Every structure is written in structure tokens, then in C-alpha cells.
């Protein structure tokens with residue numbers, strides 16, 4: 001099955017940057033292009049206005065006739081009069097971008113089956129692209145060996161990586177217990193949720209790789225972690241965004257030098273567009289998905305009959321609102337049989353004996 005990779009981040013570098021002229025360290029070609037300009041809403045609207053789409057499953061081989069197959073349909077939101085005038089019509093989901101980037105890097109470092117982006121097919125892609133001949137598969141007799149790359153960890157280094165994560169202690173409620181997701185026997189890290197990847201990417205991963213990777217690879221991964229830490233901050237200076245954009249472009253180019261092309265899925269490529277969206281939409285924490293994900297847990301707890309989940313949620317929501325209304329209504333009233341609140345406070349029956357006052361009765 002063919003998959004697309006999204007490389008070519010050298011287009012975002014300055015015009016005379018030395019990386020643009022290098023071939024073997026990247027995809028085997030020099031880069032003289034310019035970064036693509038994002039299409040405006042009006043350009044997309046007029047491009048799709050007269051286009052006819054055929055829905056359903058296509059029969060036969062897709063020949064990409066006309067070169068317009070990347071347009072699957074026209075969004076119904078364009079029927080709104082203001083939609084084509086918006087600078088940002090759909091916000092990027094930073095939460096899932098961060099999670100996918102984290103799992104790709106960690107899965108590749110630990111060589112987790114099904115999550116690693118390095119393998120036989122990735123090395124054969126390098127052979128087909130005629131780059132990095134030292135990483136080409138080696139056939140010896142009836143066996144094929146994959147040479148170690150700069151990001152390949154030995155079993156001892158994987159153990160040190162997992163051991164470091166298992167021994168890190170964080171404040172209560174800061175994150176999940178990372179130790180519960182680790183297996184020191186299999187040297188795997190599975191079952192991470194979105195917030196676990198958020199903490200791992202921004203705080204724990206730079207600590208875990210301090211002494212187990214070459215300096216250039218370690219430095220590149222750490223810069224990627226620092227970028228997510230900066231982009232998710234609650235306050236930042238607008239003047240720093242341009243420098244942040246230059247830094248992430250350089251980081252992605254370095255990742256292209258060290259990691260295989262299969263690492264660069266669409267989620268990794270979308271990182272280069274996050275700074276532009278911050279300039280247009282403001283801080284990330286005001287529009288990411290964590291509040292909705294937490295509220296989804298509340299809605300799931302309302303479900304008692306899995307055959308009718310919507311009805312369970314609707315009835316439970318009505319009960320929640322009724323209980324909240326009653327609580328607000330009775331909050332200012334005095335309970336029956338206990339007297340007023342002021343009279344109960346005057347008695348001070350809960351004071352200890354040592355805090356009492358001595359009263360001598362009058363002899364008369």
C-alpha cells in the first residue's frame with residue numbers, strides 16, 4: 001500500500017541557506033522552491049464552485065484525471081455568506097498533533113511494533129531514493145540485516161530510557177502514572193492518552209534522552225519539545241513568533257536529515273503551520289480539545305443502557321440541572337428544626353474545653 005510523506009521543509013528556509021543545496025542529507029535533490037502560499041477562502045470557493053463531484057466508491061484504478069482528485073467534496077459551510085471571508089476556517093487540533101508526533105518519535109526510538117517508523121520498507125525507500133547508502137539493508141546468506149541508524153537504541157539504552165521515565169516523580173494530579181504504561185521487560189510504552197503525551201513531550205522526553213542519543217539527534221528532539229512548550233504557553237510575546245517559526249523550520253529540516261521519510265506523516269508536517277495559526281487565532285490553550293475531552297468523560301458516565309446512550313445522556317442532564325436548581329434555591333433557606341444560622345453560631349458548641357471561659361456563679 002502506497003502512503004504519502006510530507007517532506008520538503010527546506011522550502012521554508014531563507015533563500016541562500018546552505019541546506020537548500022545539500023542532496024544526500026535530504027531527498028537527493030536541491031531545493032530552490034518557495035513555500036506554498038495558503039489559499040484564501042475566496043480562492044477555494046471559486047475553485048470548487050463549478051466543480052462536479054462524483055460520490056461513492058470508484059471502480060478501477062485511480063488515474064488522477066485532471067489533477068483534482070485531492071478535492072473530494074465542497075464543504076457545506078461555504079453556503080454561509082461569511083465563510084469564504086474567514087482567514088482560518090478550521091483550526092488545527094494541537095492536542096492530537098502533539099500526540100501523534102510524540103508517539104511517532106517514541107515508537108521509533110523504542111522500535112515498538114506497529115508504531116515504529118523505521119523498518120525494512122523504510123530502508124528500501126532510502127535505496128529507491130538513492131540516499132544514505134550506509135542504512136541500506138544488508139543481505140548475508142539467507143538473512144537480511146538492517147544497519148543501525150543514528151536514532152537506533154541498543155537494549156541497554158532502551159532500558160535506561162524506560163527506567164528514567166519510571167523513576168520520575170511529579171506532583172499529585174500533574175499527570176498519569178507513567179510507570180503504569182511502561183514495561184521494563186518488553187521495553188515498550190503503550191496506552192498513553194493525549195494528556196500523557198502532552199506531559200511526556202513537553203517535560204519528560206528531553207530528560208529521558210539526555211545521555212542515550214548522539215548530540216545532534218538529542219538536540220533536535222529537544223528543540224521540538226521546546227517548541228511545543230512555547231506554542232502552548234498561556235502568555236508570549238508577538239515579536240517572538242517569527243523567531244519561533246524559524247526555529248521549527250530548522251528543527252523539521254534536521255529531522256529530515258536524521259530520520260527516515262516515513263516519519264513525516266501529515267501530523268508531523270502540520271507543525272510548521274502552527275505559528276501562523278497562533279498569529280491569526282491567538283494562544284493555543286484557548287481553542288484546544290482538552291476541555292471537550294474531559295467533558296466527554298462526564299457524558300460517558302451518564303450512560304447506563306448502552307443500547308440507548310443518547311437517551312441516558314439526555315435524562316441524566318435533566319436530572320443534573322434539576323439538582324443544581326434545587327441546591328441553588330435552598331442555599332439561602334434555614335433547615336427545618338435547626339433554628340436560624342445565627343443562633344447556631346452563637347452557641348459555639350464545637351469549641352474545645354480549653355478554649356472555654358470560667359464563670360463563677362453569684363453566691364446570692
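Residue 114 passes all but one of (1) outside any helix (DSSP H, G or I); (2) more than 28 Å from residue 215 (Cβ to Cβ); (3) more than 20 Å from the chain's Cα centre (by Cα); which number fails? Only one criterion in (1) outside any helix (DSSP H, G or I); (2) more than 28 Å from residue 215 (Cβ to Cβ); (3) more than 20 Å from the chain's Cα centre (by Cα) is unmet by residue 114, namely (3). Scanning segment 9-38 for residues that are at pLDDT 90 or above and within 14 Å of residue 264 (Cα to Cα) yields a total of 3.
Taken over segment 269-317, the residue count meeting the criterion of being farther than 30 Å from residue 241 by Cβ and assigned to a helix (DSSP H, G or I) is 16. If you go through segment 230-263 and keep only what is over 22 Å from residue 19 (Cα atoms) and outside any helix (DSSP H, G or I), you end up with 232, 233, 234, 235, 236, 237.
Taken as a whole, the condition of being surrounded by 14 or more Cβ atoms within 10 Å (Cβ to Cβ), within 28 Å of residue 188 (Cβ to Cβ) and assigned by TED's automatic domain parsing to the domain that holds residue 199 applies to residue 110.
When segment 21-46 is limited to residues that are part of a helix (DSSP H, G or I) and without any contact (Cβ under 8 Å) to a residue 24 or more places away in the chain, the one that is farthest from residue 256 (Cα to Cα) turns out to be 46. So, in segment 47-86, of the ones that are surrounded by 10 or more Cβ atoms within 10 Å (Cβ to Cβ) and modelled with pLDDT of 90 or more, which residue ends up farthest from residue 22 (Cα to Cα)? The selected residue is 80. Return a yes/no flag: does segment 97-113 have any residue that is touching a helix residue (DSSP H, G or I) at 6+ places or on another chain (Cβ under 7 Å) and without any contact (Cβ under 8 Å) to a residue 40 or more places away in the chain. Scanning segment 97-113, I find no residue that is touching a helix residue (DSSP H, G or I) at 6+ places or on another chain (Cβ under 7 Å) and without any contact (Cβ under 8 Å) to a residue 40 or more places away in the chain, so the answer is no. Close Cβ contacts (under 8 Å, 6 or more residues apart or on different chains) running from residues in segment 1-20 that are under 17 Å from residue 257 (Cβ atoms) to residues that are modelled with pLDDT under 90 and surrounded by 15 or more Cβ atoms within 10 Å (Cβ to Cβ) comprise 7/27; 8/27.
The values are calculated or read from the model by the stated rules, or taken from the named source; none is laboratory data. Note that the structure is predicted; figures quoted are calculated from it, not measured. No Cβ is skipped: glycine too gets one built from the backbone with ideal geometry, and neighbour counts run over all protein chains shown.
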